[in-house]
Ligand code: SF4
């Protein structure tokens, strides 16, 4: 018999390695399933699409690219992927990391070099927040790149928790019930922006990127502080998640389950045109009865969770 390697040569896994492998497989399956479901639910990717995957070098965009590449292999439709990173010329940006990673992956990619860092530093006085100009510049460059590459979709790595944070930020500071949608036309009207991680929670993404050991590029190279209001909302949501398990899931379900007749937007619902009818009305007004929430059932991504959303005394 030859001395070549076969399964007998491979050391068996220890119980703790087996357990780790099992939970990694479960995590990976869950993320893949959630991305696949979001793509299907919102019609994010269609046959022959060219998806421009925006890669920042952070955990979210690495995870998105990894999962989309897997889905491309098994999807019943054909689509192409091109990864794009914008090198904004921030000090100490490690330029070699992404090309090395993407070469190894064998995915088509483009690194766009534009010194938006100097423009922002030049235009914004010291101490003022730089993020809005920076994002505006970045957005314009990404739209232009999508056009040059012939991309039909622009994929961003925002996840469920980003969407909820944005929802609360808009409500607290913008007076609007508005989140970050899974799919929308871009503000210049020319592109379709998709968020394939819309059903994925941040905790899963953190665990996955640690397990896979993506070569993360730090996100504070520009020297700007993360938006304080966003940090506060994030802390509030994390605190709720710890104290009231299921609340985050219920809130995200609510984003997919809007009742315009039970809000107060007269442009969204014709309150003036309301008429009585002979039969009972589903979800009609229940007068003074308080709504009953105890042990209500919230459906989240096809899994049914029993959620007690009454706060403990
Ligand atoms: S944190 Fe820095 S790189 Fe990010 S949007 Fe703000 S200024 Fe731009």
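Numbers at a glance
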| item | result |
| --- | --- |
| Positions within segment 210-241 being within 16 Å of the ligand (Cβ to nearest atom) and farther than 16 Å from residue 93 by Cα, in sequence order | 225, 226, 227, 228, 229, 230, 231, 234 |
| Every residue from segment 187-202 that is under 30 Å from residue 30 (Cβ atoms) and touching a helix residue (DSSP H, G or I) at 6+ places or on another chain (Cβ under 9 Å) | 191, 194, 195, 196, 197, 198, 199, 200, 201, 202 |
| Spans of helices (runs of 4 or more DSSP H) in segment 18-136 with at least 3 residues more than 24 Å from residue 210 (Cα to Cα) and either free of Cβ contacts under 8 Å to residues at least 12 places away in the same chain or within 15 Å of the ligand (Cβ to nearest atom) (or both) | 116-123 |
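Yes/no per residue for (1) loosely packed, with under 13 Cβ neighbours inside 10 Å; (2) at pLDDT 85 or above; (3) over 28 Å from residue 134 (Cα atoms); (4) within 22 Å of the chain's Cα centre (by Cα):
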residue	(1), (2), (3), (4)
213	yes, yes, yes, yes
243	yes, yes, yes, no
246	no, yes, yes, yes
253	no, yes, yes, yes
281	yes, yes, yes, no
305	no, no, yes, yes
313	yes, no, yes, no
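The values are calculated or read from the model by the stated rules, or taken from the named source; none is laboratory data. All values reported here derive from a predicted model rather than from experimental measurement. Heads up, the Cβs are rebuilt from the backbone with ideal geometry, glycines too, and the neighbour counts pull from every protein chain shown.
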